Amino acid sequence: MNLVAPSLTGWMAFWVGLCLCLTASAFAQSVSSNHATERLPVETALAILIDPASRQLAGEASIKLHDGSPAELLLNADFRVTRLELDGSRLDVRPRRKGRLNRWLLPPGKGGRTVTVIWNGMLSPTPTRQQHSETLGDRNPTAGPDGGFLPAGSFWYPLIAQHDRLALHSWRVRVELPAPQRAVLAGTLASERVTADRTIAEFDFPHPGEGIDLMFGPYKVMQATMQSRDGRKLDLRTYFHAELGELANDYLSSVRDYIALYEARIGPYPFTEFSVVSSPTPTGFGMPALTYLGREVLKLPFIRGTSLGHEVLHNWWGNGVYPDYAQGNWSEGLTTFMADYEYALRDNPDAARAMRLGWLRELSAIPAEQVRPLADFNARMHAVSQAVGYGKAAMLFVMLEDYIGKPAFERALQRLWQESRFRVAGWDTLRGAFEAESGLSLIAFFDQWLKRPDLPTLRLERAELIEGGVRVTLAQSEPPFLLEVPLRIEGSGGAVSQVLTLSRAQQSFELAVDGRPARVVLDPESRLLRRLGALEAPPIMREIQLDTATRTLVLGDDAYQATAGPLVQRLLKQQPREISPGEAPDASPLLLIGATAEIDVWLAEHELQPTPAEVAGRGELRMWTTRFANGKPITLIAASSPEALSGALRPLPHYGQQSWLVIENARVVDRGVWPADAPGLELRSD
Ligand SMILES: [Zn+2]
């Protein structure tokens, strides 16, 4: 196997706290952003033959259209259709080409028409040296001896568009492969025959699904069963590469626990099975009834405790209730809130607070001109959308639960599930469920967090002692948001928490407090979506990664210049802009890379703090962040040798949330975020 993965610690930073998944069918949005429909107009039956060695695919599809309206048949233009029939009559196989798709128009007719398609073609080779982000963007169906992946969004089989959107459809799929290859896809495994030279499996998915994601590989399959909350037998399986065999039982037992957990909270698991499938590439996908995770990822000990639960939960949110992409994808935020965030909360309240603060930091690191409203988030494609689609959406649910209370929040989730299972639901459907269970109007709440791209900037303007308590003045940026602002008043009577409703740009509140109050702290637990002030948001590397204005400067000889280039490319994901001679270094965010001694000199020349104690003299490469006097962020990367820069190439880009780190032997050995304080004001009686 040629897969080269980042170091273990690199993976750790990458996977923990970030969602692994993107429902593969989100790719199908390239045809249409609105595929809302509640009927089941299309039934698809496929017979597929794949030879991983030659990468040849041959397929036959029989597609029943219950809706008599005109339809369009769509197939990846890399495939060749050799026969096309409508109710047994031959149609012209010559397609109209549009982009990467071939299209055939099907005239209107009676409901119940059947389209038959016979097609074949060659799949792309399974990539071996791929970054996660590249895997996410890859739309080609792939095959190889180590496995293959045919995402629905690659249009590897004929899909139907009707009424200007992709039709949800059920499927029955028969896949034949040479042994020891085994196929897996969403649905009940109706039958599987394994002979000495072939495997033939049949899957049945009777629900309105978004599309068929087919995976195969030289898998060893392990199986366990459990009983669902409504008394059905559920089959749990692992499709693992041989070297993962001894992890299978642990994975099966964790899947059982997660299904039981979410069945109790939301409602019965919607499918008949759940499979954990090993991918030859560093992928992370959640699909109906299965998750597809990189074989290297599956070995990481913490994956079962975090990402696996997130993927199981997607069977309710994302693959059980489908987001209406025209209104934005809510499923990642809700899944992050009920999985990753909840696990942190269960382990340690401080970890949960750190997660909230991390989201706020990331959101605050997005330059004002690049922020997008949450309603625009469809899927994770780059870091900005990730901060918004996961972090901002998860914070929305934190605030919503605070506002309406946990019992109403939990009942609303159950209502959403009962009313929208296997249907498309937009943010407005969610709002309806939360309003129905809380009895509150939430239009203003959802509107401001979904439609406004900006976040409020909040200040504790004044705090003074008055008779029997304190008077507090809060101020926020304009136009004002409607905010429930948490406040803590500390003093001789202990600490008292209050929530103030702030609706204007500036507002004063008089609060009765026992004892002698000494200090007022604004949002001490980071429970409010807001743009953090400079002191609350110590610089993290992500700031220079996200800002398109970032410029670079490399200090050192030719060898440093040569090795810094690829690192800059990986960190910035944009064409680097070098600082020009004579240009003020603090005019925009700066990425400074170089030999340790030269960086020390540069810092002294520019009257900046010397190398901080956390990193000074440690490892072979040190990264830290600081700010110019004008507030613009700097990320410094000081290397002991040009080779150390090359060694940072794989791990470093995954640590955007850090303020500093140390790399030794191409591994991150220590890291951290500069401490931050919640803004507070001391109270004096003078
Ligand atoms: Zn996810």
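Rule-based calculations on the coordinates, nothing more; no lab input. Nothing here was measured: the structure is a model prediction, and the numbers come from that model. Note that we place each Cβ from the backbone using ideal geometry, even for glycine, and neighbour counts take in every protein chain shown.
So if R0 is 35 Å, what FRET efficiency would residue 516 and residue 451 give, r being the distance between their Cβ atoms, rounded to the nearest 0.05? Approximately 0.20, to the nearest 0.05. Rounded to 0.05, the FRET efficiency of the residue 616 and residue 586 pair, given R0 = 30 Å and the Cβ-Cβ distance, is 0.85. Annotation: lysines with alpha-carbon distance below 17 angstrom to residue 64 (same-chain offsets under eight excluded): 110. Going by a ≥ b ≥ c, the root eigenvalues of the Cα gyration tensor, does the range 542-672 fall in the rounded group (a/c under 1.5), the prolate group (a/b larger than b/c) or the oblate group? Rounded, because the longest to shortest axis ratio a/c is under 1.5. Residues whose amide H lies under 5 Å from that of residue 101, counting only those 5 or more places away or on a different chain, are 77; hydrogens are built 1.01 Å from N in the peptide plane.
With the simple spin-label model, which puts each label point 7 Å out from Cα in the Cβ direction, the residue 80 to residue 598 separation comes to 5.6 nm.
For the range 52-60, take each phi angle, set θ = phi - 60°, evaluate the Karplus expression 6.51 cos²θ - 1.76 cosθ + 1.60, and give the result in whole Hz per residue in order, putting x for glycine and proline. Computed from phi, the couplings for the range 52-60 are x, 5, 8, 6, 8, 10, 10, x, 10 Hz.
Pairs 451/573; 233/299; 392/573: which are spaced more than 30 Å apart, C-alpha to C-alpha?
Working: 451/573 27 Å; 233/299 28 Å; 392/573 23 Å.
In this structure, no pair lies more than 30 Å apart at Cα.
Rounded, prolate or oblate, given the Cα gyration tensor of the range 8-320, with a/c below 1.5 counting as rounded?
On the way: a/c = 1.70, a/b = 1.47, b/c = 1.16.
Note, shape of the range 8-320 comes out prolate.
Fully extending the segment from residue 462 to residue 93, taken as 0.36 nm per residue of separation minus the present Cα-Cα distance, adds 125.4 nm.
Taking the longest Cα principal axis of the chain as reference, the axis of helix 558-572 is set at about 70 degrees. Shape class for the range 323-451, computed from the alpha carbon gyration tensor (a ≥ b ≥ c): oblate, with a/c not under 1.5 and a/b at or below b/c.
Protection proxy ranking for 323-329, 462-468, using the average of other Cβ atoms within 10 Å per residue and placing the highest first: 323-329, 462-468. With runs of 4+ DSSP H residues as the only contributors, calculate the mean residue ellipticity of the chain at 222 nm using -39,500 (n - 2.57) per run, divided by the residue total and rounded to the nearest 500. Using -39500 (n - 2.57) per qualifying helix, the result is -6500 deg cm²/dmol. The amide H of residue 423, built 1.01 Å from its N in the peptide plane, has 322 as neighbours under 5 Å, considering only residues 5 or more places off or on other chains. Residues in the range 595-605 carry Karplus couplings, in order, of 5, 3, 5, 5, 5, 4, 5, 4, 4, 5, 4 Hz; the curve used is 6.51 cos²θ - 1.76 cosθ + 1.60 with θ = phi - 60°, and Gly or Pro positions show x.
A crude spin-label estimate for the pair residue 643 and residue 264, with each label 7 Å from Cα along the Cβ direction, gives 5.4 nm.
Pulled fully out, how much extra length does the chain show between residue 674 and residue 570, if you take 0.36 nm times their separation in residues and subtract their Cα-Cα distance?
Values: separation 104, 0.36 × 104 = 37.44 nm, distance 2.37 nm.
Here the segment from residue 674 to residue 570 would lengthen by 35.1 nm.
Computing FRET efficiency as 1/(1 + (r/R0)^6) for residue 482 and residue 428, where r is the C-beta to C-beta distance and R0 is 25 Å, gives about 0.85. With a simple spin-label model that places each label point 7 Å from the Cα along the Cα-to-Cβ direction, the separation between residue 232 and residue 440 comes to 3.5 nm. The local environment of residue 292, defined by Cβ-Cβ distances under 11 Å, has a net charge of -1 under the rule Lys, Arg +1 and Asp, Glu -1. Maximal additional length on extending the residue 548-residue 562 stretch stands at 2.8 nm, based on 0.36 nm per residue less the C-alpha distance. Return one number: the angle in degrees, 0 to 90 and rounded to the nearest 10, between the long axis of the Cα atoms of helix 349-364 and the longest principal axis of the Cα atoms of the chain. The angle comes out at about 90 degrees.
Annotation: peptides 53-61, 165-173, 314-322, 544-552, ranked by per-residue average of other Cβ atoms within 10 Å with the highest first, follow the order 314-322, 165-173, 544-552, 53-61. Peptides 391-398, 340-347, ordered by how many other C-beta atoms sit within 10 Å of their residues on average, highest first, read 391-398, 340-347. With just the Cα atoms defining each centre, how far is the range 603-647 from the range 275-310? Give it in Å. If we compute the Cα centre of each part, the gap is 36 Å.
Taking amide H atoms as placed 1.01 Å from N in the peptide plane, the amide H of residue 500 lies under 5 Å from those of 485, 487, each 5 or more residues away in sequence or on another chain. Taking θ as phi - 60° and the Karplus parameters 6.51, -1.76 and 1.60, the scalar couplings of the range 339-346 work out to 10, 3, 5, 5, 5, 5, 4, 5 Hz in sequence order, x denoting glycine and proline.
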